[in-house]
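The block underneath contains the structure these notes are about, expressed in structure tokens.
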């Protein structure tokens with residue numbers, strides 16, 4: 001009798017588990033990773049600068065899950081620090097002359113990659129040989145079985 005009960009309990013548990021989507025059981029490795037954030041960082045840098053660069057440091061400092069209460073949308077934020085070398089500089093056409101920046105260029109020396117409404121408008125001049133420190137965060141939004149990053153790509157757990 002005890003063996004039949006255990007068999008029945010196991011069968012019921014397996015039936016219950018098979019009815020729930022696999023992503024509901026995601027406990028580890030189901031969220032965007034530091035590697036995803038680094039890839040986005042590289043993608044967005046390529047959009048903002050016109051010369052080669054080298055990411056010499058990239059470190060995640062914090063991450064947190066989010067839920068937008070008004071919409072029910074799920075999100076995830078990764079905070080990071082990055083350091084990038086620009087041996088040839090970048091956006092050299094934006095070099096200021098007599099303290100004035102050319103049309104379409106930003107005078108801001110606050111460098112960001114994440115698209116936001118508070119971004120400095122226009123291209124930013126980076127002097128040859130500069131190393132720029134970035135302190136940013138990227139917000140991902142749940143997209144099917146993955147997470148849509150600020151570069152528009154969807155990233156999935158490895």
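Here, each number is a calculation from the coordinates, and none is a lab measurement. Please read all numbers here as calculations on a predicted model, not as lab measurements. Here the Cβ positions follow ideal geometry from the backbone for every residue, glycine too, while neighbour counts run over all protein chains shown.
Neighbour counts of other Cβ atoms within 10 Å put 125, 141 in the fewest-to-most order 141, 125. Between residue 92 and residue 51, the contour length at 0.36 nm per residue exceeds the alpha carbon distance by 13.9 nm. Averaging the sequence gap over all C-alpha pairs within less than 8 Å and six or more residues apart, then dividing by the number of residues, gives segment 29-138 a relative contact order of 29 percent.
Here, segment 27-155 is characterised by an Rg to Rh ratio of 1.03, where Rg is the alpha-carbon radius of gyration and Rh the Kirkwood radius. Residues in segment 117-158 near a label at residue 35, defined as backbone nitrogen under 12 Å from the 7 Å Cα→Cβ point? Of the residues in segment 117-158, 156-158 have backbone N under 12 Å from the label point off residue 35. Once the C-beta distance of residue 43 and residue 117 is scaled by a Förster radius of 22 Å, the resulting FRET efficiency is 0.65 to the nearest 0.05. Quick check: pseudo-label points 7 Å beyond the Cα along Cα→Cβ at residue 68 and residue 137, how many nm apart are they? Distance between label points: 1.6 nm.
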